[in-house]
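Enquirer: Mind having a look at this structure? Questions to follow.
The values are calculated or read from the model by the stated rules, or taken from the named source; none is laboratory data. Just so it is clear, the structure is predicted and the values come from calculations on it, not from any experiment. Here Cβ is always computed from backbone atoms with ideal geometry, including for glycine, and neighbour counts include all displayed protein chains. Keep in mind that these areas ignore ligands, DNA and RNA; they rest on the heavy atoms of the full protein, side chains included. Shrake-Rupley method; radii C 1.70, N 1.55, O 1.52, S 1.80 Å.
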Amino acid sequence: MATTYDYEEAPATYDEGRHQDLGYDPNFVPDSVKSFVVHLYRHIREKNVYEIHQMYEISFQTLSDRLFKDTPWPSVDAVAHYVDNDQVFCLLYREMWFRHLYARLSPTLKQRIDSWDNYCSLFQVVLHRVVNMQLPNQWLWDMVDEFVYQFQSFCQYRAKMKNKTEQEISLLRQYDQAWNVYGVLNYLQAFVEKSNIIQILKQEKEGLEQFTATDGYDYSGGSNVLKVLGYFSMVGLLRVHCLLGDYQTGLKCLLPIDISQQGVYTSVIGSHIATIYHYGFANLMLRRYVEAIREFNKMLLYIYKTKQYHQKSPQYDQILKKNEQMYALLAICLSLCPQVKLVDETVNSQLREKYGEKMARMQRYDDEAFVIYDELFSYACPKFITPSAPSFEEPLVNYNQDAYRLQLKLFLYEVKQQQLLSGVRTFLKVYSTISLGKLANYMEVDEPTLRTILLTYKHKTHAVDSDGKIISNADVDFYIDDDMIHVVESKAVKRYGDYFLRQIVKLEGVINDMDRIKLE
């Protein structure tokens with residue numbers, strides 16, 4: 001394990017040289033920061049979730065913008081005595097301290113290692129001690145989200161070996177367990193197991209638990225920290241496995257969460273988007289295009305309707321970025337599996353505006369289309385990582401792009417295979433029945449080759465879902481009977497529920513307006 005220490009023994013975690021010219025003094029605590037930590041500490045002790053959330057989401061950002069735009073916050077040692085040297089609070093403060101450092105500055109290798117040590121100390125406390133706290137879901141999600149982000153960032157940093165200094169190489173050798181992939185996966189898995197979250201969600205389906213109904217909070221005076229961290233860790237595991245290119249395992253980790261329903265994951269916009277983005281991407285890579293289209297469509301519609309409420313949120317830029325990436329992934333899915341009827345009109349018109357021209361070119365399946373698939377995938381895919389440490393004995397090279405290149409190669413190989421099938425689909429759309437000989441003639445191939453192409457079409461338009469069932473992604477299917485091809489076009493299931501719900505909401509609005517009118 002990496003070296004861990006209590007906050008009292010923690011070495012200074014700032015790069016003195018770099019901040020000297022900015023006049024940064026880690027021991028200087030402005031009055032507003034003093035007041036912030038004292039109040040935050042008190043609210044945590046009183047389990048006042050509303051006030052904690054206000055301070056965490058608004059006050060921390062306001063102070064960061066005003067006082068710490070390009071310097072770190074005061075060191076933990078400088079604020080510890082204002083909060084009774086409380087170990088857990090100091091670990092939480094450092095967690096925010098490092099998150100701010102990553103967001104505003106460029107962390108040094110030593111700071112990356114110190115942040116790992118702080119997470120180890122904090123997570124050990126949550127896993128092995130009684131933590132009598134209630135923290136906002138937003139903070140608990142950010143904790144898991146940042147933990148995975150810093151792991152990804154460390155892997156990318158470590159893989160750029162070419163220009164590393166002797167000192168950095170020596171630190172990497174010394175702290176070889178920092179941000180180790182097994183350590184990261186073990187912590188996330190430990191949260192899932194120790195919190196009993198899978199059993200809790202099962203019992204909730206039987207009406208024996210109230211986890212989702214209370215948004216994960218414990219109103220009987222207990223703590224929500226371990227349970228909610230366990231819940232969000234399932235999303236964290238999905239994300240890590242996607243970064244490693246193991247999509248099956250990632251989706252398996254998310255199975256206990258029913259994403260067809262509202263859940264605690266939808267209570268925080270960042271968690272909602274990360275869940276659907278990675279879930280959709282994993283399904284795309286496993287050729288489950290219909291499932292990916294369905295979920296991207298729901299998420300993009302949700303963002304379209306609610307993004308104005310998040311404009312002042314610190315997550316707003318991230319929401320917009322993921323929104324754009326999901327439109328690019330949806331364009332890929334619909335080009336490989338043209339099921340536009342699964343997409344809402346609003347989302348479809350946005351998609352046409354952004355990618356209409358490119359999607360038309362992607363349908364042509366030539367070299368130009370290939371280039372567009374490459375461009376959209378590269379823009380919208382996660383930042384894949386190589387989790388293994390470098391070999392220090394061999395010449396030092398940058399290998400930070402290796403994992404991305406491998407996933408891109410596999411994806412484009414799949415696209416290339418599907419290019420052969422575009423002609424078949426075009427003909428199947430035109431005919432309801434056609435003989436094998438006639439179609440072979442049209443496609444300028446012999447009958448045995450056509451049978452192989454048709455078999456390939458069947459294979460490529462079907463995938464295995466999470467229950468092991470074979471599902472169809474095809475909008476056009478067929479069967480062969482006595483050398484005759486019979487085409488079956490899938491019919492869209494008409495959904496009336498949304499229409500009636502919209503009309504009910506309109507009617508309620510009209511009734512409310514009428515109630516406000518005072519008759520003379």
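Enquirer: If you go through region 165-205, how many residues are among the acidic types (D, E) and closer than 21 Å to L238 by Cα?
Expert: Here the count works out to 1.
Enquirer: Kindly indicate whether R287 is of a type outside the set (F, W, Y) and modelled with pLDDT under 95.
Expert: Details: of a type outside the set (F, W, Y): yes; modelled with pLDDT under 95: yes.
So R287 passes the test.
Enquirer: What number of residues in region 390-413 are of a type outside the set (S, T, Y) and open to solvent by less than 60 Å² (accessible area, probe 1.4 Å)?
Expert: 9
Enquirer: When you scan region 364-401, how many residues do you find that are closer than 30 Å to S170 by Cβ and not β-branched (V, I, T)?
Expert: Total meeting the criteria: 16.
Enquirer: Counting just the residues of region 262-295 that are open to solvent by 10 Å² or more (accessible area, probe 1.4 Å) and of a type in the set (S, T, Y), which one comes out farthest from the chain's Cα centre (by Cα)?
Expert: Going through the qualifying residues, I end up with S267.
Enquirer: So S335 ticks every box in (1) of a type outside the set (D, E); (2) open to solvent by 20 Å² or more (accessible area, probe 1.4 Å); (3) under 22 Å from A474 (Cβ atoms) but one. Which box is left unticked?
Expert: (2)
Enquirer: Which residues, taken from region 57-80, are surrounded by 14 or more Cβ atoms within 10 Å (Cβ to Cβ) and either more than 13 Å from P314 (Cβ to Cβ) or without any contact (Cβ under 8 Å) to a residue 24 or more places away in the chain (or both)?
Expert: Kept after step one, since they are surrounded by 14 or more Cβ atoms within 10 Å (Cβ to Cβ), are these residues of region 57-80: 57, 59-61, 63-64, 68, 71-80.
Those that are surrounded by 14 or more Cβ atoms within 10 Å (Cβ to Cβ) and either more than 13 Å from P314 (Cβ to Cβ) or without any contact (Cβ under 8 Å) to a residue 24 or more places away in the chain (or both): S59, F68, T71, P72, W73, P74, S75, V76, D77, A78, V79, A80.
Residue-wise test of (1) hydroxyl-bearing (S, T, Y); (2) more than 30 Å from N180 (Cβ to Cβ); (3) in contact with a strand residue (DSSP E or B) (Cβ under 6 Å, 6 or more places away or on another chain).
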| site | (1), (2), (3) |
| --- | --- |
| T346 | yes, yes, no |
| L351 | no, yes, no |
| K354 | no, yes, no |
| K358 | no, yes, no |
| R361 | no, yes, no |
| Y373 | yes, yes, no |
| S378 | yes, no, no |
| C381 | no, no, no |
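Enquirer: For the structure I just gave you, tell me whether K358 is closer than 30 Å to I169 by Cβ and in contact with a helix residue (DSSP H, G or I) (Cβ under 8 Å, 6 or more places away or on another chain).
Expert: no
Enquirer: Further, regarding this structure: Only one residue in Y309, Y327 is open to solvent by 10 Å² or more (accessible area, probe 1.4 Å), among the aromatic types (F, W, Y), assigned by the TED database to the domain that holds F377 and assigned to a helix (DSSP H, G or I), so which one is that?
Expert: Working: Y327 fails: open to solvent by 10 Å² or more (accessible area, probe 1.4 Å).
Matching residue, one of Y309, Y327: Y309.
Enquirer: Tell me whether region 239-246 contains one or more residues that are touching a strand residue (DSSP E or B) at 6+ places or on another chain (Cβ under 7 Å) and touching a residue at least 60 places away in the same chain (Cβ under 8 Å).
Expert: no
Enquirer: A further question on this structure: Inside region 414-449, can you point out the residues that are more than 19 Å from P338 (Cβ to Cβ) and open to solvent by less than 20 Å² (accessible area, probe 1.4 Å)?
Expert: I434, L436, L439, A440
Enquirer: Scan region 221-244 for residues that are surrounded by 24 or more Cβ atoms within 10 Å (Cβ to Cβ) and either on the phi > 0 side of the Ramachandran plot or in a loop (DSSP other than H, G, I, E, B) (or both) and jot them down.
Expert: Scanning region 221-244 gives a single hit, N224.
Enquirer: Write out, first by first residue and then by second, each pair whose Cβ atoms fall under 8 Å of each other, whose residues are 6+ apart or on separate chains, and whose first residue, in region 394-421, is closer than 30 Å to T165 by Cβ and without any contact (Cβ under 8 Å) to a residue 40 or more places away in the chain while the second is of a type in the set (S, T, N, Q) and open to solvent by 20 Å² or more (accessible area, probe 1.4 Å).
Expert: Listed pairs, sorted by first residue: Y404/S378.
Enquirer: Separate question: For residues that are in a helix (DSSP H, G or I) and touching a His at 6+ places or on another chain (Cβ under 8 Å), scanning just region 131-172, find the one that is farthest from S115 (Cα to Cα).
Expert: Among residues in region 131-172 that are in a helix (DSSP H, G or I) and touching a His at 6+ places or on another chain (Cβ under 8 Å), the one farthest from S115 (Cα to Cα) is Q138.
Enquirer: Which of the residues that make up region 344-387 are touching a residue at least 24 places away in the same chain (Cβ under 8 Å), more than 24 Å from K416 (Cβ to Cβ) and open to solvent by 60 Å² or more (accessible area, probe 1.4 Å)?
Expert: K354, K383
Enquirer: Out of region 450-477, which residues are out of contact with any strand residue (DSSP E or B) (no Cβ under 7 Å at 6 or more places or on another chain), open to solvent by 30 Å² or more (accessible area, probe 1.4 Å) and either in contact (Cβ under 8 Å) with a residue 12 or more places away in the chain or among the hydrophobic types (A, V, I, L, M, F, W, C) (or both)?
Expert: R451, I453, L455, T456, S466
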